[in-house]
1. Label-point separation (nm) for Asp24 and Asn41, each offset 7 Å from Cα along Cα-to-Cβ?
2. Identify the residues of segment 15-38 with backbone N under 16 Å of a label point that sits 7 angstrom from the Cα of Asp60 along the Cα-to-Cβ direction, or state none.
3. Can you tell me what percent of all Cα-Cα pairs in the chain are more than 26 Å apart?
4. List the lysines whose Cα sits under 20 Å from the Cα of Lys25, skipping any in the same chain fewer than 8 residues away.
5. Computed from the mean reciprocal separation of all distinct C-alpha pairs, what Kirkwood hydrodynamic radius does segment 72-138 have, in Å?
6. Under a cut-off of 25 Å between alpha-carbon atoms, report the lysines in cross-link reach of Lys40, not counting same-chain residues fewer than 8 places apart.
7. Have a look at Cys62, Ala23, Tyr102 and report the one farthest towards the positive end of the charge dipole of segment 8-102, computed about the Cα centre with Cβ charges (Lys/Arg +1, Asp/Glu -1).
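FYI, it's all coordinate maths here, none of it is from the lab. The structure presented is a predicted model; accordingly, all values stated were derived computationally and were not measured. Ideal geometry is used to build each Cβ from the backbone, glycine not excepted, and the neighbour counts take in all protein chains shown.
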Amino acid sequence: MTFREVLESRYSVRKFAPDPVPADKLAAVLEAVRVAPSAKNLQPVRFRLFTTPEELALVDACTPCRYGAPAVLLFCYDDEVAWKKEGRPDAGPVDVSIACTYAMLEAANQGLGSVWVMNADCAKLRELLSLPPRILPICLLPFGFAAPDAEPGPMHARRVPLEAMRLREEA
Ligand SMILES: Cc1cc2nc3c(=O)[nH]c(=O)nc-3n(C[C@H](O)[C@H](O)[C@H](O)COP(=O)(O)O)c2cc1C
C-alpha cells in the first residue's frame, strides 16, 4: 500500500475477527511505536500488550470499547521522563499520541484494523495493573483483523472542509 492508500483505507474498526495477530504484523506495529518521535527525544512512552484471554478480560473490565479485538495496546507515558517546561503543555500526552498514531497507521499498512480508545477507566486500569504513580495511562489501541462485515461508522465520512480548519486573522 502507498502511504496515501493507508491514510485513505484506515477507519475505526469496531468489529474484529477473533484470529490472532500474526507475529510479523505484531512486530511491525511495535516497531512503529519504537521509532515514533518524541519531544527532545526523551522517549517517555510506555506500553502494555494484551493478547491472552485473561489479559483481554482485564481490558474488558476497564472499557466497553474492545470490540472483540484479539490484541490491545495500552499507551502510557512516564511522567518523570517526559519533557516539561513551565507555561507549556507537558509533552507526554503528545508523545503518546504520536506513538499511537504510528501504531494505528502501521496496523492499517499491515492489513489490520484498529480503533483508538479513550473511553476507558484509567484509574481502574492503574489499579488492576499496579502501575506506579509516575506511569500515566492515556489510551488503548485494540487491533486485529476486521470482521468480514465490519464497516466504517457514520462519523468516518464526516470531515469539515479544510477551510473550516484554517485560522483566520482576527479583524
Ligand atoms: C483521541 C481519540 C479518542 C477516541 N476514543 C474512542 C473511544 O473511546 N471509543 C471509540 O469507539 N472510538 C474512539 N475514537 C474513534 C473516533 O470516534 C473516530 O476516529 C472518529 O469518529 C472518526 O472515525 P474514523 O476513525 O472511522 O475515521 C477515538 C479517536 C480518537 C482520535
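1. 3.1 nm
2. 15-20
3. So the portion of pairs separated by more than 26 Å is 33 percent.
4. Leaving aside lysines fewer than 8 places away in the same chain, those within reach of Lys25 are Lys15.
5. 13.3 Å
6. Hits, sequence-local ones excluded: Lys84, Lys85.
7. Tyr102
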